[in-house]
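Enquirer: My questions all concern the structure below.
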Ligand SMILES: C[S@@+](CC[C@H](N)C(=O)[O-])C[C@H]1O[C@@H](n2cnc3c(N)ncnc32)[C@H](O)[C@@H]1O
């Protein structure tokens with residue numbers, strides 16, 4: 001699939017004056033306060049990550065990520081009459097999901113929202129450089145600051161697992177959707193997937209950082225100051241990752257929130273078993289050390305294993321074992 005022609009840009013809304021400013025360098029005292037306050041932790045952790053987030057997760061706004069975003073949408077929502085007129089993204093981060101969906105022809109105009117001011121700032125900057133008609137504001141998914149019946153589509157990627165009360169957030173999603181409007185959330189960790197991903201990540205991080213401590217690999221070691229700042233902010237990771245999901249339970253939560261036509265889908269099993277160690281290595285060493293061959297290897301192996309997952313393993317492995325959960329539903333008309 002190719003990118004649809006971009007919408008002509010219109011004047012983009014800056015982060016409103018009332019929105020707090022990004023705080024990318026949390027102090028030790030702030031980190032300690034955040035250990036007891038999950039929403040403060042979300043803001044500090046994601047403000048800290050915002051400016052480097054696209055690099056860290058290899059996020060781009062070209063065909064590779066457009067295909068990925070559109071593929072996730074189609075996998076769970078199926079064939080839909082496109083484009084939606086007005087879409088909202090919750091927990092937009094740098095805008096990865098909505099901006100790429102818009103480029104892929106899923107929605108005409110968009111609003112990006114996130115609890116982290118730093119993320120909203122980067123998402124709006126990305127939208128502006130793509131000339132997409134997008135506005136944005138700092139917003140908590142549990143209390144969405146938009147009128148009832150405003151949007152035709154609400155999307156999110158890797159956000160539900162950060163929200164304390166997921167059912168409340170989905171009630172808010174249904175409130176701001178127009179009757180018959182749809183939501184699509186993707187990139188949520190399943191409970192079993194999260195278990196093996198964490199163990200693989202931990203073992204890979206330990207092994208890689210031990211090897212790079214050896215003098216022969218000294219130039220493969222990230223500067224100590226960077227590693228220290230990573231560990232300080234990464235201490236918050238345990239506080240910001242609140243949930244993992246069983247796909248059937250996720251369907252029950254969406255139905256309890258009032259959605260109809262609810263359907264969960266899962267994907268990535270062997271792809272996740274390889275993907276998590278690869279991503280951890282990328283994070284543990286300086287970016288320039290790995291180069292294009294590594295990136296090509298990562299993409300080719302991910303595509304191959306995704307094919308194996310879809311064509312073979314999906315028929316024999318229970319859906320809860322796959323790493324990624326996606327969910328869709330509709331606001332009753
Ligand atoms: C893992 S990041 C995903 C970002 C982006 N959607 C992506 O896939 O690249 C999760 C995002 O959710 C945001 N977030 C966490 N809790 C939130 C909440 N209660 N309301 C809105 N956004 C939230 C975080 O600030 C962060 O930007």
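Enquirer: One residue is enough: does segment 201-212 have a residue meeting the conditions modelled with pLDDT of 90 or more and under 28 Å from residue 141 (Cβ atoms)?
Expert: yes
Enquirer: Identify, from the list 41, 75, the residue that is assigned to a helix (DSSP H, G or I), surrounded by 15 or more Cβ atoms within 10 Å (Cβ to Cβ) and either modelled with pLDDT under 95 or away from the ligand (no atom under 16 Å from the Cβ) (or both).
Expert: Selected residue: 41, the only one of 41, 75 that is assigned to a helix (DSSP H, G or I), surrounded by 15 or more Cβ atoms within 10 Å (Cβ to Cβ) and either modelled with pLDDT under 95 or away from the ligand (no atom under 16 Å from the Cβ) (or both).
Enquirer: Looking at this structure, is residue 225 exposed (fewer than 13 other Cβ atoms within 10 Å of the Cβ), farther than 22 Å from residue 141 by Cβ, at pLDDT below 95 and touching a helix residue (DSSP H, G or I) at 6+ places or on another chain (Cβ under 9 Å)?
Expert: No; evaluated as a whole, the condition is false for this residue.
Enquirer: Ok, one more. Go over the candidates 138, 120, 159, 176 one by one and state the one that is within 16 Å of the ligand (Cβ to nearest atom), in contact with a helix residue (DSSP H, G or I) (Cβ under 7 Å, 6 or more places away or on another chain) and either on the phi < 0 side of the Ramachandran plot or modelled with pLDDT of 95 or more (or both).
Expert: Details: 120 fails: in contact with a helix residue (DSSP H, G or I) (Cβ under 7 Å, 6 or more places away or on another chain); 159 fails: in contact with a helix residue (DSSP H, G or I) (Cβ under 7 Å, 6 or more places away or on another chain); 176 fails: in contact with a helix residue (DSSP H, G or I) (Cβ under 7 Å, 6 or more places away or on another chain).
Being within 16 Å of the ligand (Cβ to nearest atom), in contact with a helix residue (DSSP H, G or I) (Cβ under 7 Å, 6 or more places away or on another chain) and either on the phi < 0 side of the Ramachandran plot or modelled with pLDDT of 95 or more (or both) holds for just one of 138, 120, 159, 176, which is 138.
Enquirer: Moving to a separate point now. Can residue 16 be described as under 21 Å from residue 120 (Cβ atoms) and modelled with pLDDT under 80?
Expert: Yes; evaluated as a whole, the condition is true for this residue.
Enquirer: Picking from 158, 123, which residue would you name as being touching a residue at least 24 places away in the same chain (Cβ under 8 Å) and closer than 22 Å to residue 329 by Cβ?
Expert: Step by step, each of 158, 123 is checked, and only 158 is touching a residue at least 24 places away in the same chain (Cβ under 8 Å) and closer than 22 Å to residue 329 by Cβ.
Enquirer: Just checking, how many residues over segment 85-99 are touching a helix residue (DSSP H, G or I) at 6+ places or on another chain (Cβ under 9 Å) and either modelled with pLDDT under 95 or more than 16 Å from the ligand (Cβ to nearest atom) (or both)? Can you show your working first?
Expert: Of segment 85-99, the ones touching a helix residue (DSSP H, G or I) at 6+ places or on another chain (Cβ under 9 Å) are 87-99.
Then keep just the ones that are either modelled with pLDDT under 95 or more than 16 Å from the ligand (Cβ to nearest atom) (or both); that gives none.
Number satisfying all stated conditions: 0.
The values are calculated or read from the model by the stated rules, or taken from the named source; none is laboratory data. If you're wondering where the values come from, they're calculated on a predicted model, not measured in any experiment. For neighbour counting, all protein chains shown are included, and Cβ atoms are generated from backbone atoms with ideal geometry for every residue, glycine included.
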